Amino acid sequence: MTTVVWFKRDLRTRDHAPLVAAASTGEPVIPLYVIEDDYWQLPDTSGRQWAFIRDSLDDLDRQLRNAGSQLLVVRGSVIDALKQLRTHHGINRIFCHQETGGQWTYERDRAVIGWCSENQVEFREWNQFGVVRRLSDRDVWDRAWTELMRQPVLEAPAAIPKSDTLQAFPTGDTVQDFTVPDECPDRQIGGSARGDKLLASFLDRRCVGYQYNISSPNTAVRACSRLSPHIAYGTVSLREIYQQAKATGNHRNTLPRKKKSLTSFRSRLHWHCHFIQKLEDEPELELRAMHREMEALKAGPNDTERLQRWQEGQTGWPLVDASMRALSHSGWINFRMRAMLMAIASYQLWLHWRDPALHLARLFTDFEPGIHYSQTQMQSGLTGINALRIYNPVLQSQKLDPDGEFIRRWIPELAGLPSEMIHTPWLMTPTQKERYGGNTYISPVCDHEQAARVARKAVGDFRKQQVSQEETWRVLNRHGSRKGPRQARPKLKGNRDDTADQLSLFD
């Protein structure tokens, strides 16, 4: 019998249950990755994501060759690839990890399962991380997540039986010949080796002060683990990251400040799976609001000019524009800036959530559908169970980039402005502009304070008039965070506190 190990978002050999199970049979194994052209035509995929995957495939092939195997990369549909493998190599089993992706990958997986059933090919899946398929009760999720994270990390197979009928194939050519246009000059490099180095440097020294330094775009570049794309594409397993972070934090020689930082970091790993579970439980979240009644909050097409200015980093609010430009350039920005970008689009610019969400998805090298669609909706006030967070772009700028260091780096039009003027360049007098520059920077798209007041009132009025307590409770019952037995229905309200930042992306 020959087993295909189908790699999707799990591009590693260590802590890879399907690969370990296949290798343990002692029978031939074909490690397979399929480049699916249709997937790369989706509105939330991009070249920077493929480039990270391409790096990771090269590294995965290296790992497999160390175990006497190699990665087969083919281009086309998965079912066509499986048909050819069945015809020429007599495959009998397909082992893989579960994937919680968008509607396209969901339908793809269903088609593969159907083909396996029709052709008497065994199909078996394992959990990739702490997301529970067909979860019957959200109350038991936390326990299931903890149990999975405590299971031993699986060593990479020392030897992987190779199919004698599988001739040498130009995997490198297949990978390198496929391109997706995208300019991202400072994107992160993929592969398990890179992920391992990042984890080691984070646990060794970069994690100290993590919980304090991840909000500012100036300090977050180093303070954040920067493991998010490696987790998204599985070059390092979440369980291994969690266990190494816990072991380091619990070591008797670890200083209290470092222990506290790693405790905060581990909580982000928990939230990572908490948000993906939402999409697993309700796949429609990719396309409509979590709180179904909130989808009707905004009607009609988006304002094209406002959307374009936001996308290009030309809103006229320095921290917002600097964040968008930095993200476009590198494929990464820290969570607080991600939340601000989405909130500004939703409230001050009053854009329907879907277009901004797709644009950000394309820019994120670490795009993770379950986290992304849940988070973009939460930052847009569409969950019905989270406090509203309407960001003030000036106050955020003064708080997180007080000296304008980040702004000057990404908005050269403002490089000559003194710190006290850089957050509100539209308030400068003609004389000040003549002296310091800033004449070429665009004026704000609107009065952000007035726009925020209008948005807050519109959302509040809609909730009072159009939102039912039944639908709100449905969302809380299905997606709310909790430990242990469900408690009495909480009082639901919206305010301007920091709740949203506690329910954040892993970054």
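Specify which of the listed residues (Pro181, Pro217, Pro229) is modelled with pLDDT of 95 or more, part of a loop (DSSP other than H, G, I, E, B) and either outside the structural domain of Gln63 (by TED's automatic domain parsing) or more than 22 Å from Thr13 (Cα to Cα) (or both). If you could, list the steps in order and put the result at the bottom.
Numbers: Pro181 fails: modelled with pLDDT of 95 or more; Pro229 fails: part of a loop (DSSP other than H, G, I, E, B).
Exactly one of Pro181, Pro217, Pro229 is modelled with pLDDT of 95 or more, part of a loop (DSSP other than H, G, I, E, B) and either outside the structural domain of Gln63 (by TED's automatic domain parsing) or more than 22 Å from Thr13 (Cα to Cα) (or both), namely Pro217.
If I go through the range 83-109 residue by residue, how many of them are more than 19 Å from Trp40 (Cα to Cα), of a type in the set (D, E, K, R) and assigned to a helix (DSSP H, G or I)?
Residues of the range 83-109 more than 19 Å from Trp40 (Cα to Cα): 83-98.
In the following step, the residues that additionally are of a type in the set (D, E, K, R) were identified as 83, 86, 93.
Next, from what is left, pick out any that are assigned to a helix (DSSP H, G or I): 83, 86.
Residues meeting the conditions: 2.
Is it fair to say Gly384 is part of a loop (DSSP other than H, G, I, E, B), at positive phi, of a type outside the set (Val, Ile, Thr) and at pLDDT below 95?
yes
Residue by residue, here is whether (1) modelled with pLDDT under 95; (2) charged (D, E, K, R) holds:
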position	(1), (2)
Pro31	no, no
Gln49	no, no
Asn66	no, no
His89	yes, no
Glu107	no, yes
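Residues are listed down the side, and each one gets a yes or a no for (1) assigned to a helix (DSSP H, G or I); (2) modelled with pLDDT of 95 or more:
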| site | (1), (2) |
| --- | --- |
| Lys433 | yes, no |
| Ile442 | no, yes |
| Cys446 | no, yes |
| Val454 | yes, yes |
| Arg486 | no, no |
| Lys491 | no, no |
| Phe506 | no, no |
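I want to confirm something. Restricting to the range 291-322 and keeping residues that are of a type outside the set (Lys, Arg) and in contact with an Asp or Glu (Cβ under 7 Å, 6 or more places away or on another chain), which single residue is nearest to Phe406 (Cα to Cα)? Please lay out each step first, then the result.
Of the residues in the range 291-322, the ones of a type outside the set (Lys, Arg) are 291, 293-297, 299-305, 307-308, 310-322.
Restricting the remaining residues to those that are in contact with an Asp or Glu (Cβ under 7 Å, 6 or more places away or on another chain) gives 291, 293, 302, 307, 313-315, 319.
Details: His291: 36, Glu293: 39, Asn302: 30, Leu307: 23, Gly313: 14, Gln314: 16, Thr315: 16, Leu319: 8 Å.
Once the filter is applied, the top-ranked residue is Leu319.
Contact list please: Cβ distance under 9 Å, first residue in the range 73-91 and of a type in the set (Gly, Ala, Ser), second residue at pLDDT 95 or above and assigned to a helix (DSSP H, G or I), pairs at least six apart or on different chains.
Final answer for the pair search is Ser77/Arg108; Ser77/Ala111.
Farther than 23 Å from Gln49 by Cα and charged (D, E, K, R): does that describe Arg222? I'd like the intermediate steps shown before the answer.
On the way: farther than 23 Å from Gln49 by Cα: no; charged (D, E, K, R): yes.
Considered against the rule, which asks whether it is farther than 23 Å from Gln49 by Cα and charged (D, E, K, R), Arg222 comes out as no.
Taking the range 25-53, which residues are without any contact (Cβ under 8 Å) to a residue 40 or more places away in the chain and part of a helix (DSSP H, G or I)?
Within the range 25-53, just Gln41 meets the criteria.
What number goes with the only condition from (1) surrounded by fewer than 20 Cβ atoms within 10 Å (Cβ to Cβ); (2) part of a loop (DSSP other than H, G, I, E, B); (3) among the hydroxyl-bearing types (Ser, Thr, Tyr) that Thr13 does not pass?
The failed condition is (1).
The values are calculated or read from the model by the stated rules, or taken from the named source; none is laboratory data. What you see is a predicted model, and the numbers here were worked out from it, not measured in a lab. Counting neighbours? That spans all protein chains shown, and the Cβs are built from the backbone with ideal geometry, glycine included.
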